[in-house]
1. Under a plain spin-label model, where a point goes 7 Å from the Cα along Cα-to-Cβ, how far apart in nm are SER110 and GLN62?
2. At most 10 other Cβ atoms within 10 Å and a DSSP loop assignment: could you name the chymotrypsin sites (Phe, Trp or Tyr not before Pro) in region 63-160 that fit?
3. What does the charge dipole of region 14-140 about its Cα centre add up to, to the nearest 20 debye, if the Cβ of each Lys and Arg holds +1 and the Cβ of each Asp and Glu holds -1?
4. Measuring with a 1.4 Å probe in the full set of protein chains, what accessible area per residue, in whole Å², belongs to region 32-134?
5. Net charge near MET88, counting Lys/Arg +1 and Asp/Glu -1 over other residues with Cβ under 10 Å of its Cβ?
6. Taking 7 Å along the Cα-to-C-beta vector as the label spot, tell me the ILE24-GLU129 distance in nanometres, rounded to one decimal.
7. What are the extents of the Cα atoms of region 16-168 along their three principal axes, in Å, largest first?
8. Between THR36 and TYR140, what is the FRET efficiency for a Förster distance of 45 Å, r being their Cβ-Cβ separation, to the nearest 0.05?
Amino acid sequence: MKKEMDMLEDKEKLKTNNKKKKIIVTTVTTAVVFITVGTGVYINHLIKVKNYLSDLTYDIVQESYDNYGDYSKSKYQDIVPENIYSSMNYLCSGSYDNRDEFIIYVSNQSKVNTLIFFLDTAESKYTYEIKFSIKGEEGYSYGKSTCTVQWKLDDDNVWRVSDFDDPP
């Protein structure tokens with residue numbers, strides 16, 4: 001009888017242990033699924049922000065070039081300060097303020113590469129190449145440079161240009 005009781009007790013312990021193992025396996029599996037899905041959502045968000053800022057940087061630089069840095073013609077005034085916008089115009093040359101005075105031979109802007117830091121700051125890099133002359137003058141000017149646009153996510157959840165670097 002004691003042997004039967006011990007066997008019955010052992011059987012109950014096994015059932016309890018199996019239930020605990022099932023609970024642990026279920027909990028761990030659920031946690032892994034949530035972590036995997038969360039990581040995927042996070043990575044997808046970063047990719048979207050990276051692509052958004054890369055496209056936006058390209059558009060702002062192109063518009064500044066097209067407008068010859070004329071801030072009053074910009075549709076990006078709410079996200080780019082005037083001094084930075086004007087600096088992004090890579091066709092800037094001395095005191096010439098009329099784009100019609102330029103003869104452009106080469107004008108290229110590379111694909112923009114954006115890196116995101118700490119979810120609220122980012123950096124977009126691109127290279128431009130320009131070769132032009134000024135009507136009525138001898139020779140031409142050539143420039144090639146890699147520029148960096150600094151982005152900052154503000155309290156209103158809007159990405160704004162915070163700095164610009166165009167090394168000489």
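The values are calculated or read from the model by the stated rules, or taken from the named source; none is laboratory data. Keep in mind it's a predicted model, so treat the numbers as computed, not measured. Cβ placement follows ideal geometry from the backbone for every residue including glycine, while neighbour counts extend to all protein chains displayed. Ligands, DNA and RNA are stripped out before the accessible areas are found, and what is left, the full protein with its side chains, is counted by its heavy atoms. Shrake-Rupley method; radii C 1.70, N 1.55, O 1.52, S 1.80 Å.
1. With each label point 7 Å from Cα toward Cβ, the separation is 1.8 nm.
2. Details: sites: TYR65, TYR68, TYR71, TYR76, TYR85, TYR90, TYR96, PHE102, TYR105, PHE117, PHE118, TYR126, TYR128, PHE132, TYR140, TYR142, TRP151, TRP159; in loops: TYR68, TYR76, TYR90, TYR96, PHE118, TYR140.
The qualifying sites are PHE118.
3. On the way: 14 positive and 15 negative charges, 406 e Å.
About 1960 debye.
4. Values: 5900 Å² over 103 residues.
On a per-residue basis, 57 Å².
5. Details: positive: none; negative: GLU63, ASP166.
Overall, the nearby charge balance is -2.
6. If labels sit at ILE24 and GLU129, their model points lie 6.3 nm apart.
7. Cα spread of region 16-168 along its principal axes, largest to smallest: 94, 29, 21 Å.
8. Numbers: r = 56 Å, r/R0 = 1.25.
So the FRET efficiency works out to roughly 0.20.
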